[in-house]
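The block underneath contains the structure these notes are about, expressed in structure tokens.
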Amino acid sequence: MHEDGAREIITAADLWTDVLSAATGLRNAGLHPDDVVILIMGHSRQLITTFLGAMALGAVPTIVSTATARLDLEVYRKRIDVLVRCAAAAAVITHPADAIPLHDLLTGLTCPVISSDTLTGTADPSALSPTPSPDQTAFIQYTSGSGGVQKGAVHTHGAVLRYIESKHRGYPFAPDDVMVSWLPLYHDLGLLSGLLTPLVVGFRTVLMSPLQWVRQPGILLQAVHEYGGTLCYMPNFALNHCVRAVRERDVRDLDLRRWKLVTLGGEPVRVGSLRAFAERFAAQGFRESALRAGYGMAEVVEGVTVGREGPPKVDWISVATLQRDARAEPLASTAPGATAFVSCGPPKDGAEVQIVRDDGTPLPERGVGEIEVRSEYMMREYHRRPDLTRAAFREGWFRTGDLGYLVGGELYVVGRKSDLIIVGGRNIAPEEIEAAAEQVPGVVAGRAVAFGVADERAGTERVILICETAQPDDPAQQIALERRLRRVMTQALEITLGEVRMVERGWIIKTSSGKKARSDNRDKYRRQFGSAPEAIPR
Amino acid sequence: MSMPAKSKVLDQLRTFICTELMQHPSYPLTNSEPLMSGGLIDSFSVAYIAVFIEQTWDVYIPDPELTVDNMDTLDLIAARVLQG
């Protein structure tokens, strides 16, 4: 589905011809097997065929988000420059129809920048690499980690195929299933569910522009109706966005009865979001039992657990016991101090989950600790970062940095150990926000702190930025500084701040070693500015 | 429905954006201040503003017009509301 309303149907035969042409074009452009190729191609047919074409050549593609109009293009250029160097990329491929003329912008990087319309040549089967071995790299999935480090999860063909097989065993897809996806293909959920699973298993998929869906969320439901959509994977906030922003007249006559599976992942799943979505679209035939919560991350290809069939299971527990004893003690839903978590289900076939103390020893059922995972489809490593790879594993288990507990073999995710902020399925490192804030004149050097707080209405987190300034009591100065900070965050990081607070010098709490204690600052912010307390321990 | 004065439309939009979207009721939002490109609200808000406009003035803005460029200031949004 194109943004201008045009529809393009791509058959498997068309796709194969295009993939062969793309592989040939990439080879003719001088690319070789094992070369890392960065694809910045927006929402386009060519993105799909170039991604698959690069793999067919034996090269290693990675998809990166395109620049948006509000982003500072110089900042974007620097970001791509850093990525090209870190990934030791052999080429960047752009798309000629991109709204921003990226090809010109990126010229001069340490690797060639190639517009996809110049990838030419008669489709030549000799461009295809021999059938890859299971251990050969298929693609790299970049993800943002703590400290703002870009980490490229390297996935082998074997891991990706084992993952899709496991997913198919857990939920047997039928040939008449139809996936409907608005997710970008640079996100693991979008790539695996929107493209690769339908392709490997063999059923139809309907892809739309993520940027368009953001402004017009009704197109997702219209696509489900129009194409008889049965499946969808998306982060929790997308439920809230549909509830709040889909206009009644856009959905009044839609039939959503065929929609039998909406799997949520990429960020914590919230009870209120599930209920609100099911209620809002019940009149169109949507059933709450179609909703399912899952848990995963780019490092395990996509997911490690998924909820069982039926309405999502909800566990009501005591906030006090959770915070005091790191234990999930059951409590009646009507009792004061009860909070709810949604089951993300048991581990998928081929995956294991354990909850551990800080020293790595496993916790009993209902004990809250770090979630560690192990699976047959784990990433091989972080690309060119053996240091990060070593730190990510403990005795073969991947340390997720998330906090959770197990009940009856099902996983409940309650929060995060790290300070990473997740807004709408996107990971944001607070360090990046703080560093950008401290460049803004008026903010005291080294005295900005950023963290996330739950935003129940949006179904995700809001970013709070607190800055020390010399004139915290001058309203005109404060507003001028707030405007500068907001503009910088959107232009440099594509982040919209939920709230900006200017405080007097010395307000921000630092640890004895001078590091910012973000959870202490979050607690202080709540006490001082009256935001509702959050159940999730940090 | 007869259309209200532009100043009234601007004020209602301002209250909605500052209170509901920014959650910052005292923010002194000006008519020409860039909303999305200035980082005050995100591009998801385009859709919330469209819902608000339909509920308040019964004006339906078709999907293709819901872009950041078309709705980046109070002035632009109010002008579109007054077109009906």
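The values are calculated or read from the model by the stated rules, or taken from the named source; none is laboratory data. Quick caveat: nothing in here was measured; it's all calculated off a predicted structure. A quick note on method: Cβ atoms are made from the backbone with ideal geometry, for glycine too, and the neighbour counts reach across all protein chains shown.
For segment A:437-490, the candidate set comprises residues that are surrounded by fewer than 18 Cβ atoms within 10 Å (Cβ to Cβ) and β-branched (Val, Ile, Thr); within that set, the residue that is nearest to the other protein chains (Cβ to nearest Cβ) is A:Ile479. Just one of the listed residues (B:Asp72, B:Asp63, B:Asp42) is at the interface with another protein chain (Cβ under 10 Å from one of its Cβ atoms) and touching a Pro at 6+ places or on another chain (Cβ under 6 Å), namely B:Asp72. B:Glu54 meets all of the listed conditions (1) within 7 Å of chain A (Cβ to nearest Cβ); (2) out of contact with any helix residue (DSSP H, G or I) (no Cβ under 6 Å at 6 or more places or on another chain); (3) in contact (Cβ under 8 Å) with a residue 24 or more places away in the chain; (4) not in a loop (DSSP other than H, G, I, E, B) but one, namely (3).
Name every residue in segment A:384-431 that is of a type in the set (Ser, Thr, Tyr) and assigned to a strand (DSSP E or B), in order of residue number. Steps first, please.
Let us first name the residues in segment A:384-431 that are of a type in the set (Ser, Thr, Tyr), namely A:389, A:400, A:405, A:412, A:418.
Those that are of a type in the set (Ser, Thr, Tyr) and assigned to a strand (DSSP E or B): A:Thr400, A:Tyr405, A:Tyr412.
Residues that are buried (at least 18 other Cβ atoms within 10 Å of the Cβ) and small (Gly, Ala, Ser) were ranked within segment A:116-137; the one that is nearest to the chain's Cα centre (by Cα) is A:Ser116.
Residues in segment A:124-138 that are farther than 13 Å from A:His155 by Cα and of a type in the set (D, E, K, R): A:Asp124 alone. I'd like the full set of residues that are surrounded by fewer than 17 Cβ atoms within 10 Å (Cβ to Cβ) and among the polar types (S, T, N, Q), limited to segment A:138-181. Residue satisfying the conditions is A:Ser146 alone. Just one of the listed residues (A:Gly202, A:Gly170) is touching an Asp or Glu at 6+ places or on another chain (Cβ under 9 Å), small (Gly, Ala, Ser) and farther than 30 Å from A:Arg384 by Cα, and it is A:Gly170. Residue count for segment A:304-314, restricted to those that are closer than 13 Å to A:Tyr171 by Cα and in contact (Cβ under 8 Å) with a residue 24 or more places away in the chain: 4. Summed over segment A:338-354, residues that are more than 18 Å from A:Met297 (Cα to Cα) and of a type in the set (Gly, Ala, Ser) total 2. The set of residues in segment B:3-42 that are in a loop (DSSP other than H, G, I, E, B), within 12 Å of the chain's Cα centre (by Cα) and either at positive phi or surrounded by 14 or more Cβ atoms within 10 Å (Cβ to Cβ) (or both) comprises B:Leu29, B:Asn31, B:Glu33, B:Pro34, B:Leu35, B:Met36, B:Ile41. Candidates are the residues of segment A:408-424 that are of a type outside the set (Lys, Arg) and farther than 13 Å from A:Gly452 by Cβ; the one that is surrounded by the fewest Cβ atoms within 10 Å (Cβ to Cβ) is A:Gly408.
Only one residue in A:Gly229, A:Gly218 is in contact with a strand residue (DSSP E or B) (Cβ under 9 Å, 6 or more places away or on another chain) and either buried (at least 20 other Cβ atoms within 10 Å of the Cβ) or within 14 Å of chain B (Cβ to nearest Cβ) (or both), so which one is that?
On the way: A:Gly218 fails: in contact with a strand residue (DSSP E or B) (Cβ under 9 Å, 6 or more places away or on another chain).
On inspection, the qualifying residue turns out to be A:Gly229.
Residue count for segment A:83-110, restricted to those that are closer than 18 Å to A:Leu26 by Cβ and of a type in the set (Val, Ile, Thr): 4.
Considering A:Arg505, A:Arg486, A:Arg522, A:Arg518, which residue is without any contact (Cβ under 8 Å) to a residue 24 or more places away in the chain and either aromatic (Phe, Trp, Tyr) or touching a strand residue (DSSP E or B) at 6+ places or on another chain (Cβ under 8 Å) (or both)?
A:Arg486
The number of residues in segment A:196-217 that are within 18 Å of A:Val19 (Cβ to Cβ) and either small (Gly, Ala, Ser) or in a helix (DSSP H, G or I) (or both) comes to 7.
Beta carbons closer than 9 Å, at least 6 apart along the sequence or on distinct chains, pair a first residue in segment A:133-145 that is at pLDDT 95 or above with a second that is polar (S, T, N, Q) and part of a loop (DSSP other than H, G, I, E, B) for A:Gln136/A:Ser129. Scanning segment A:267-293 for residues that are in a loop (DSSP other than H, G, I, E, B) and without any contact (Cβ under 8 Å) to a residue 40 or more places away in the chain yields A:Gly285, A:Phe286, A:Arg287. The residue that is modelled with the highest pLDDT, among those in segment A:227-256 that are under 22 Å from A:Lys313 (Cα atoms) and assigned to a loop (DSSP other than H, G, I, E, B), is A:Thr230. Here A:Leu264 qualifies as without any contact (Cβ under 8 Å) to a residue 40 or more places away in the chain, more than 19 Å from B:Pro64 (Cβ to Cβ) and within 18 Å of the chain's Cα centre (by Cα). Candidates are the residues of segment B:63-84 that are over 16 Å from B:Leu10 (Cβ atoms) and among the polar types (S, T, N, Q); the one that is surrounded by the fewest Cβ atoms within 10 Å (Cβ to Cβ) is B:Asn70. With respect to the conditions (1) within 18 Å of A:Met208 (Cα to Cα); (2) within 14 Å of another protein chain (Cβ to nearest Cβ), A:Arg70 lacks only one, and its number is (1).
Is it true that some residue in segment A:191-205 is in contact (Cβ under 8 Å) with a residue 24 or more places away in the chain, within 14 Å of another protein chain (Cβ to nearest Cβ) and among the β-branched types (Val, Ile, Thr)? Within segment A:191-205, none of the residues are in contact (Cβ under 8 Å) with a residue 24 or more places away in the chain, within 14 Å of another protein chain (Cβ to nearest Cβ) and among the β-branched types (Val, Ile, Thr).
What residue, among those in segment A:466-489 that are assigned to a strand (DSSP E or B) and either under 32 Å from the mean Cα position of the chain (by Cα) or not assigned by TED's automatic domain parsing to the domain that holds A:Val449 (or both), is nearest to A:Gly506 (Cα to Cα)? Give the derivation first.
Taking segment A:466-489 first, the residues assigned to a strand (DSSP E or B) are A:466-469.
Of the ones still in play, those that are also either under 32 Å from the mean Cα position of the chain (by Cα) or not assigned by TED's automatic domain parsing to the domain that holds A:Val449 (or both) are A:466-468.
Values: A:Ile466: 12, A:Cys467: 10, A:Glu468: 7 Å.
The qualifying residue nearest to A:Gly506 (Cα to Cα) is A:Glu468.
Of all the listed residues (A:Val342, A:Val440), the sole one being part of a strand (DSSP E or B) and out of contact with any Ser or Thr (no Cβ under 6 Å at 6 or more places or on another chain) is A:Val342. Taking strands (runs of 3 or more DSSP E) that do not extend beyond segment A:107-195, which have at least 3 residues that are assigned by TED's automatic domain parsing to the domain that holds A:Asp35? By residue number, A:113-115.
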